[in-house]
Amino acid sequence: YKAKSSRTGHHVYRPIDDSHGDKRLRTLEELRSALVDDEFVLHYQPKIDLQSGAVRGVEALVRWQHPTRGLLYPDAFLAVVEESGLMHDLTQVVLAEALNQAARWHRSGKPLSVAVNFSASSLVDESLPERIGEMLRTRGLPASALQVEVTEDFLMSDRGRAHDILTRVRSQGIRIAVDDFGTGYSSLAYLRDLPIDQLKLDRSFVTPMTTDARASALVSSTVVLAHSLGLTMVAEGIEDGEAFAVLAGYGCDEGQGYFMSRPVPPDQLDRWLTDREADAAVGAPARRRTL
Ligand code: C2E
Ligand code: MG
Ligand code: MG
Ligand code: MG
């Protein structure tokens, strides 16, 4: 009973509610085994050409198929991954699986480009550009099969290194998008200096756009800004047909959102693509709501 009493004694000096810390520790242990046991899965959300309705590619979004807690979304675990220094490992897993799926799609006659999200911490690795190139080559994929999404915090974190790594990624022909544009410590300087191809406007501007004049003004001027810099503009968070139409009217190039499709497992995306082709063949509107 000695252990028990000492544990009880220890408890006295602990903060009253330590369940949070215990939970974090448990999550950390679980994350380590999740990486080993392959519990991370990717869902894919189409990126649609808002002018033609064509599918431009897909974004890979990670989920954790937890053995007891069910399917977990990034909000529930990415911060812990980051804190525990496991982001580099997760990025490797995600990148490999995204490219495996891209290769499957390419082999079945669907040359979809897959966009992968990179956090600031997973993009400090100097060997990343070469590793990405090697991963494409071993799968027989062209550079156009991969797109890299980075956030503004990365672009601002370590300018010299960020610039160098991105330049070497992009020099292989891989396109770079700035994710959640408008929410970070935005600076016009990086738009001038950094090697990027696309701005992805955060959905906090897009979703209220049809009811909020300021949000709408920001969206339309961001389209102009992107185009005058020679960049394409993507809007995320398109939840209805009105937002789709307004964005298309502003000249926005691409869009993502629940209106077209939620992020779904690859087999479901295949069915979505097939349905869409069938609709196109009978002349139904390409912007059909599917979910
Ligand atoms: P993100 O890259 O900006 O991805 C867009 C998020 O918006 C996704 O949330 C997506 O499901 C959601 N979304 C898409 N369309 C709509 C819509 O019409 N309405 C609303 N309300 N939401 C929409 P998700 O999948 O929960 O991912 C959240 C964030 O987690 C991502 O934001 C990204 O920053 C991060 N993330 C996801 N997968 C990865 C990954 O593999 N690696 C890293 N480093 N981060 C990831
Ligand atoms: Mg993204
Ligand atoms: Mg985004
Ligand atoms: Mg976002």
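List of remarks:
- For region 221-233, taking the residues that are buried (at least 17 other Cβ atoms within 10 Å of the Cβ) and of a type in the set (Val, Ile, Thr), the one that is farthest from ligand 1 (Cβ to nearest atom) is identified as VAL223.
- Filtering region 171-215 to residues that are among the hydroxyl-bearing types (Ser, Thr, Tyr), more than 15 Å from ligand 3 (Cβ to nearest atom) and modelled with pLDDT under 95 leaves TYR185, SER187, TYR190, THR210, THR211.
- Of the set (1) open to solvent by 30 Å² or more (accessible area, probe 1.4 Å); (2) within 15 Å of ligand 1 (Cβ to nearest atom), all apply to GLU236 but (1).
- Residue match in region 209-220 (condition: in contact with a Phe, Trp or Tyr (Cβ under 8 Å, 6 or more places away or on another chain) and either in a strand (DSSP E or B) or open to solvent by 60 Å² or more (accessible area, probe 1.4 Å) (or both)): yes
- Any chance ARG104 is of a type in the set (Lys, Arg), assigned to a helix (DSSP H, G or I) and closer than 23 Å to LYS47 by Cβ: yes
- Within region 186-203, tally of residues that are part of a helix (DSSP H, G or I) and surrounded by fewer than 14 Cβ atoms within 10 Å (Cβ to Cβ): 4
- TRP272 falls short on exactly one of the conditions (1) part of a helix (DSSP H, G or I); (2) in contact with a Gly (Cβ under 7 Å, 6 or more places away or on another chain); (3) aromatic (Phe, Trp, Tyr), and that condition is (2).
- When ARG276, ARG170, ARG175 are checked against the criterion of being touching a residue at least 12 places away in the same chain (Cβ under 8 Å), crowded, with 18+ Cβ neighbours inside 10 Å and more than 25 Å from GLY53 (Cβ to Cβ), ARG170 stands alone in meeting it.
- Among the residues here, THR183 qualifies as within 13 Å of ASP153 (Cα to Cα), touching a helix residue (DSSP H, G or I) at 6+ places or on another chain (Cβ under 9 Å) and either assigned to a strand (DSSP E or B) or not basic (Lys, Arg) (or both).
- Subset of region 41-56 [more than 12 Å from the chain's Cα centre (by Cα), within 16 Å of ligand 2 (Cβ to nearest atom) and at pLDDT 95 or above]: ILE48
- Some residue of region 34-41 being open to solvent by less than 40 Å² (accessible area, probe 1.4 Å) and not in a helix (DSSP H, G or I): yes
- Just so you know, in region 113-148 the residues that are farther than 18 Å from ARG170 by Cα and buried (at least 16 other Cβ atoms within 10 Å of the Cβ) include one that is nearest to ligand 1 (Cβ to nearest atom), and it is SER121.
- Some residue of region 149-164 being surrounded by fewer than 19 Cβ atoms within 10 Å (Cβ to Cβ) and under 29 Å from ALA54 (Cα atoms): no
- Residue in region 73-84 that is open to solvent by 40 Å² or more (accessible area, probe 1.4 Å), in contact with a helix residue (DSSP H, G or I) (Cβ under 9 Å, 6 or more places away or on another chain), within 16 Å of ligand 2 (Cβ to nearest atom) and more than 20 Å from PHE259 (Cα to Cα) present: yes
The values are calculated or read from the model by the stated rules, or taken from the named source; none is laboratory data. Fair warning: this is a prediction, and the values are worked out from it, not measured in the lab. Neighbour counts are summed over all protein chains in view; Cβ atoms, including those assigned to glycine, are modelled from backbone coordinates with ideal geometry. Side chains included, ligands, DNA and RNA excluded: accessible areas come from the protein's heavy atoms. Shrake-Rupley method; radii C 1.70, N 1.55, O 1.52, S 1.80 Å.
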